[in-house]
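Chemist: My structure is below; once you've seen it, I'll send some questions.
The values are calculated or read from the model by the stated rules, or taken from the named source; none is laboratory data. Bear in mind that the values here come from a model prediction, so they are computed numbers and not experimental data. Glycine gets a Cβ as well: all are built from the backbone with ideal geometry, and neighbour counts include every protein chain shown.
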């Protein structure tokens, strides 16, 4: 294992120290491993928190700031944060209008946020609503699995719903919008290589040089099937087709994210975006906005994911609203 | 019926033995988790049990309810992932059922373990054959109950439970996972032991070893 770390045990603590050093506009609670906005939002506005295992940066800590999240709870690498962290963040960010928990549909994340909700209900009077994202079309048989995974749409949702909360919408309206965004988004990912969890010290799975894994999640868990490596145009097809088969994206403007898994260079991500955009346009999908880069990653995995969100004027307006975070910054 | 009672100090020894074993077998558990999960089960359990013992060494509660509440909350707040809430709920429910006692007889221990398993089911919604920790724990508790009912000592019943847990663990190998991250692999999850069933078998084996040597 070759990594820029001091020791596998201290990766998260050391990385949080770096976040604090780099970004004076966030405040890091090192004890509870929570990243907050340095300046809380105004009283009376709904607050948003998210959280998850580390190793997906910039998700979620990189999306804390005006226009997106109020706090992000960091778990160990690929391990959900714990209920006490979420409960603490919920208490701290509440401005009297309630708190939306944004949870990716992974068994551990869901269980820990569920326990946090139970603890919060028993202890503090903060009103909490929860959105569980589940946009991964790679999971086909959701009856016999833990259900579709929450992946790329989480990034778009945090931006769009964050803007709505900033406008002063109430918790019910913010939750309704979050539900709509989640239901309107679909994602599909692929890997060229596995990734190496620092504590494990070696790649999570073996992937021969001439093979790729289609339908991966974001934790180095192997995908749905393994196929021979193919040109980018064919890989784009394998990602776009299941997305279009799952939801009709024609007739509405779309927001498209071409996301890198962590170790694929931007030149390849742009190349892939070109292929994906071509296929989407051919299928009658009108791309109104796009995002190309590393936004929801899987440590040092090479590969990418595609997320397509069916938008409307309201969603586009919220998308364009100012955002000022380490991971996304425009109009501010 | 059964003979003897178990003082709280023996249960603390059990927890200590579990800490030692998950720490020694962390690489093995992580290896199992690499195959069908996300390669962190060994590290997470070792970290969680280290936190549990650190807290208990600073001061051991005098009653079972407080002891297991402390263990459960420490696991919930230090492990994360799915294992934190599942193992945490197991011990929290054990404590709630045990009550403010300082020792267990076989029936009381069986009832507490059963409540813990029910808590895992409530939290994780797993059923038999889903390829989870349930598949090791459920047959273990059935064997424990059956052995006690037939007049075995608590130690012998725990040994029977440990054998059943290990058989249950081994039986997860051909199964297709229906819960947790392994379920995303579909048919490809078959042919691997479930890491949660493996750590659960360690939990029951260390109980048997502790009771057998005390």
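Chemist: State whether one or more residues within segment A:153-176 are out of contact with any strand residue (DSSP E or B) (no Cβ under 9 Å at 6 or more places or on another chain), within 14 Å of another protein chain (Cβ to nearest Cβ) and closer than 30 Å to residue A:88 by Cα.
Modeler: No - not one qualifying residue is present in segment A:153-176.
Chemist: Which of the residues that make up segment A:258-290 are without any contact (Cβ under 8 Å) to a residue 40 or more places away in the chain, in a strand (DSSP E or B) and under 21 Å from the mean Cα position of the chain (by Cα)?
Modeler: Once the filter is applied, which keeps residues that are without any contact (Cβ under 8 Å) to a residue 40 or more places away in the chain, in a strand (DSSP E or B) and under 21 Å from the mean Cα position of the chain (by Cα), segment A:258-290 yields A:287, A:288, A:289, A:290.
Chemist: Which ones in segment A:99-117 are in a loop (DSSP other than H, G, I, E, B) and crowded, with 24+ Cβ neighbours inside 10 Å?
Modeler: A:106
Chemist: Please indicate, with yes or no, whether at least one residue in segment B:76-99 is closer than 21 Å to residue A:7 by Cα, out of contact with any strand residue (DSSP E or B) (no Cβ under 8 Å at 6 or more places or on another chain) and within 8 Å of chain A (Cβ to nearest Cβ).
Modeler: So far as segment B:76-99 goes, yes, one or more of its residues are closer than 21 Å to residue A:7 by Cα, out of contact with any strand residue (DSSP E or B) (no Cβ under 8 Å at 6 or more places or on another chain) and within 8 Å of chain A (Cβ to nearest Cβ).
Chemist: Another question, if that's okay. Report every pair of residues separated by at least 6 positions or lying on different chains whose Cβ atoms are under 7 Å apart, first residue within segment A:303-317 and farther than 23 Å from residue A:275 by Cα, second in a loop (DSSP other than H, G, I, E, B).
Modeler: A:312/A:252
Chemist: Out of all the residues in segment B:176-210, which are under 24 Å from residue B:89 (Cβ atoms) and at pLDDT below 95?
Modeler: If the condition is that a residue be under 24 Å from residue B:89 (Cβ atoms) and at pLDDT below 95, then B:177, B:178, B:179, B:180, B:181, B:182, B:183, B:184, B:189 are the ones that fit.
Chemist: Out of (1) within 14 Å of another protein chain (Cβ to nearest Cβ); (2) crowded, with 18+ Cβ neighbours inside 10 Å, what's the single condition that is false for residue B:156?
Modeler: Just one mismatch for residue B:156, condition (1).
Chemist: Out of the residues in segment A:118-129 meeting the condition of being touching a strand residue (DSSP E or B) at 6+ places or on another chain (Cβ under 8 Å) and either assigned to a loop (DSSP other than H, G, I, E, B) or in contact (Cβ under 8 Å) with a residue 40 or more places away in the chain (or both), tell me which one is farthest from residue A:148 (Cα to Cα).
Modeler: Top of the filtered list is A:126.
Chemist: Same structure, new question: Considering only residues that are more than 16 Å from residue A:73 (Cβ to Cβ) and in contact with a strand residue (DSSP E or B) (Cβ under 7 Å, 6 or more places away or on another chain), which ones fall in segment A:6-24?
Modeler: The answer is A:11, and nothing else.
Chemist: In segment A:11-44, what count of residues is obtained for those that are touching a helix residue (DSSP H, G or I) at 6+ places or on another chain (Cβ under 7 Å) and either surrounded by fewer than 12 Cβ atoms within 10 Å (Cβ to Cβ) or in a helix (DSSP H, G or I) (or both)?
Modeler: 2
Chemist: Mind checking which residues of segment A:291-332 are within 18 Å of the chain's Cα centre (by Cα), assigned to a strand (DSSP E or B) and farther than 21 Å from residue A:240 by Cβ?
Modeler: Result: A:323, A:324, A:329.
Chemist: Moving on to the next point. Which residue is surrounded by the most Cβ atoms within 10 Å (Cβ to Cβ), if the candidates are limited to segment B:176-214 and must be touching a residue at least 60 places away in the same chain (Cβ under 8 Å) and part of a loop (DSSP other than H, G, I, E, B)?
Modeler: If we take residues in segment B:176-214 being touching a residue at least 60 places away in the same chain (Cβ under 8 Å) and part of a loop (DSSP other than H, G, I, E, B), then B:194 is surrounded by the most Cβ atoms within 10 Å (Cβ to Cβ).
Chemist: Related question: What number of residues within segment A:85-102 are closer than 26 Å to residue A:148 by Cβ and more than 13 Å from every other protein chain (Cβ to nearest Cβ)?
Modeler: Looking only at that region, the number is 6.
Chemist: So in segment A:179-207, with the set limited to residues that are assigned to a strand (DSSP E or B) and out of contact with any helix residue (DSSP H, G or I) (no Cβ under 9 Å at 6 or more places or on another chain), which one is surrounded by the fewest Cβ atoms within 10 Å (Cβ to Cβ)?
Modeler: In this case the residue turns out to be A:196.
Chemist: Answer yes if at least one residue in segment A:188-195 is away from every other protein chain (no Cβ under 14 Å) and on the phi > 0 side of the Ramachandran plot, and no otherwise.
Modeler: Looking through segment A:188-195, none of the residues is away from every other protein chain (no Cβ under 14 Å) and on the phi > 0 side of the Ramachandran plot.
Chemist: Which residues, taken from segment A:61-84, are touching a helix residue (DSSP H, G or I) at 6+ places or on another chain (Cβ under 8 Å), within 14 Å of chain B (Cβ to nearest Cβ), crowded, with 24+ Cβ neighbours inside 10 Å and not in a strand (DSSP E or B)?
Modeler: A:79, A:80, A:81, A:82, A:83
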